[in-house]
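Derivation of every value follows stated rules applied to the coordinates shown; laboratory data play no part. What you see is a predicted model, and the numbers here were worked out from it, not measured in a lab. Neighbour counts run over all protein chains shown; Cβ positions are idealised from the backbone, glycine included.
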Amino acid sequence: MMFSAQIGPFRPGNRAPLYLQLQQLLRDAIQNNVLGENDAIPAERDLAAEYDVSRITVRKAIGGLVEEGLLTRRRGAGTFVAVRVEKSFSKLSSFSEDMLSRGRQPSSSWISRAVGAVTPEEALSLGLSPGAPVYRFRRIRFADEVPMALELSTIASYCLPSVEAVGDSLYDALEAAGNRPVRALQRLRAVPFGAEHARMLGVGAGHAGLLIERRAFLRDGRAAEYTQSFYRGDAYDFVAELTDI
Ligand code: 16G
């Protein structure tokens, strides 16, 4: 089917600049789910031909939607409707649970897993003794095969039977060991991705990222985890329910 048949033609009589009109058609199609998450947008030249506009018009229309976070460019692959994760502020959930609750398939690619000793900064922020043994896990996290985040976790070694105990989900492994955290402190800030992180997540260097740091604790108050999650800024929606009680 022609793409224009899917998202509709220009409205007759609309005097707005063509790039804004095209942008609005695409935005409506995304918001009404005519275009679903991960759907591909046709190449610039094909869209230009279908709508009988210049490639510059198409580029401006798409560029605006990329900036809004509705579309995402993947190098070498094209432009797609962005996948967004809605993340509750108050629930202590894992990446795998967040994805499954949204009907997405979580997966990871491992960069490394290692046994080590806590750094002085980690010791301070987790309340561990200097030199305490820890496990370190570095993973790229995917939703339906789309890279969403780079995660660097440090886990107090008393929480897991071994560094090999983690399979698809860290929290499943902690739960199986009777050490799933029950309380966490989280800090969130914007960061531009450096070249290496950008490459791992398939975005351009300097792309906006969101760094979320979690310090999580066991029921008895001992530290369990310190994790830095570098989310793609275009892939993360924080949702908070606020009440006045
Ligand atoms: C989430 C947590 C992270 C935790 C991971 C476990 C945030 C910001 N961070 O990404 O601290 O280690 O889930 O996920 O939510 P897993 O059980 O799927 O490995």
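State the antiparallel share, in %, of DSSP beta bridges confined to the chain, rounding to the nearest 5.
Roughly 95 percent of the beta bridges in the chain run antiparallel, per DSSP.
Using the Karplus curve 6.51 cos²θ - 1.76 cosθ + 1.60 with θ = phi - 60°, what ³J(HN,Hα) values do you get for each residue of segment 202-218, in whole Hz, with x for Gly and Pro?
After applying 6.51 cos²θ - 1.76 cosθ + 1.60, I find x, 10, x, 4, x, 3, 6, x, 10, 9, 10, 9, 10, 10, 10, 10, 7 Hz.
List the trypsin sites (Lys or Arg not before Pro) within segment 141-245 that fall in a DSSP loop (any state other than H, G, I, E or B) and whose Cβ has at most 15 other Cβ atoms within 10 Å.
Those that pass, being in a loop and sparsely packed, are 219, 222.
Where nothing but the Cβ of Lys and Arg (+1) and of Asp and Glu (-1) is charged, how large is the charge dipole of segment 97-174 around its Cα centre, in debye to the nearest 20?
That gives segment 97-174 a dipole magnitude of about 140 debye.
Let me know the charge dipole size of segment 111-245 about its Cα centre in debye, to the nearest 20, where only the beta-carbon of Lys, Arg (+1) and Asp, Glu (-1) is charged.
380 debye
In square nanometres and to one decimal, what's the mean projected area of the convex hull around the Cα atoms of the chain?
Spelled out: convex hull of the Cα atoms, projected over all directions, averaged, 16.5 nm².
HN-Hα J couplings of segment 177-182 from phi, Karplus 6.51/-1.76/1.60, θ = phi - 60°, integer Hz, Gly and Pro as x?
8, x, 10, 6, x, 10
Rounded to the nearest 20 debye, what is the charge dipole size of segment 3-81 about its Cα centre when +1 sits on each Lys and Arg Cβ and -1 on each Asp and Glu Cβ?
Result for segment 3-81 is approximately 260 debye, rounded to the nearest 20.
Pairs of Cα atoms under 8 Å, at least six residues apart: use those to get the relative contact order of segment 146-245, whole percent.
Answer for segment 146-245 is 32 percent.
Tell me, how many Å apart are the Cα centres for segment 105-172 and for segment 1-72?
Taking the Cα centre of segment 1-72 as reference, the centre of segment 105-172 is 41 Å away.
Considering Cα pairs under 8 angstrom that are at least six residues apart, work out the relative contact order of segment 178-225 and quote it in whole percent.
Taking the mean separation of contacting Cα pairs over the length of segment 178-225, I get 45 percent.
How high is the relative contact order of the chain, in percent, with contacts defined as C-alpha pairs under 8 Å that are six or more residues apart?
The normalised contact order for the chain reaches 16 percent.
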